[in-house]
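One structure is given here, and the rest of the page talks about it.
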Amino acid sequence: MQISYHSEEETMALMEANTNLLARTGKVEQMSQVLSKTVKTTKTKLAETEDWNRRNNKVVHGLSERKENANALQYIMTQPPLWFPTLKDAPPEIMRAHRIGSHRSQPTKPRVMIFMCLRYIDRARILKAARGSPLVIEGKEARFTADYSIATRVRQKSCHLVMEKARQAGYQAFLFYLATIKVSEGHEHRFFQDLVKLKQFLESGE
């Protein structure tokens, strides 16, 4: 069995090559981190742009389909002042409306309706009225929500569980755009964008 020995020059050359390789690897890792951050920032900006384009939209859940006679726009244009008396003096102007999904002859539950207001202020007025006086039609409550991008909805959905834990702990919890959670106790208010930090806060019992 032969044992190979390296000369001092060869050993130094190998060490230098290893150092250069580690340096190049470090640069690649740094570039990867920069690219990852850039991709994340780009995705966030795209979601915010899509949310902005949808800012005048409103989504209605649980609204019966039996009264609109396949004409969602005509139906929704006349209903808000009847649902919410505060809108009678200045009815919101609605430009488009449609149901999401294909029509079913015997649906187990009504399809979601989405409509677009002419102005953002009209959308805000409808939401405010719905919060102040929940809408019940044929014994079922219809809910109004904002029309956000899929990315934003996914982020907000991830907040619901920890918000429920905050409420169980005696706090009031509110979700603000984009995915900021406001936790209140009396006159003290805290805002969290990091779910891990909110969980740590709840576990600490401060």
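Values in this text are rule-based calculations from the coordinates and carry no lab data. Model, not experiment: these values are computed from the prediction. Positions of Cβ are generated from backbone atoms using ideal geometry, with glycine treated the same way; all protein chains shown enter the neighbour counts.
Whether any residue in the range 118-125 is of a type in the set (Ser, Thr, Tyr) and under 14 Å from Ala146 (Cβ atoms) is what I want to check.
Narrowing the range 118-125 to residues of a type in the set (Ser, Thr, Tyr): 120.
Checking the rest, the ones that are also under 14 Å from Ala146 (Cβ atoms) come to 120.
Yes, because at least one residue in the range 118-125 is of a type in the set (Ser, Thr, Tyr) and under 14 Å from Ala146 (Cβ atoms).
From the list Arg104, Arg54, exactly one residue is touching a residue at least 12 places away in the same chain (Cβ under 8 Å) and closer than 30 Å to Leu135 by Cβ. Which is it? Working first, answer last.
Values: Arg104 fails: touching a residue at least 12 places away in the same chain (Cβ under 8 Å).
Going through Arg104, Arg54 in turn, just one is touching a residue at least 12 places away in the same chain (Cβ under 8 Å) and closer than 30 Å to Leu135 by Cβ: Arg54.
I'd like to verify a number: residues in the range 122-142 that are under 16 Å from Leu82 (Cα atoms), assigned to a strand (DSSP E or B) and either of a type in the set (D, E, K, R) or touching a Leu at 6+ places or on another chain (Cβ under 6 Å) (or both), how many?
Looking only at that region, the number is 2.
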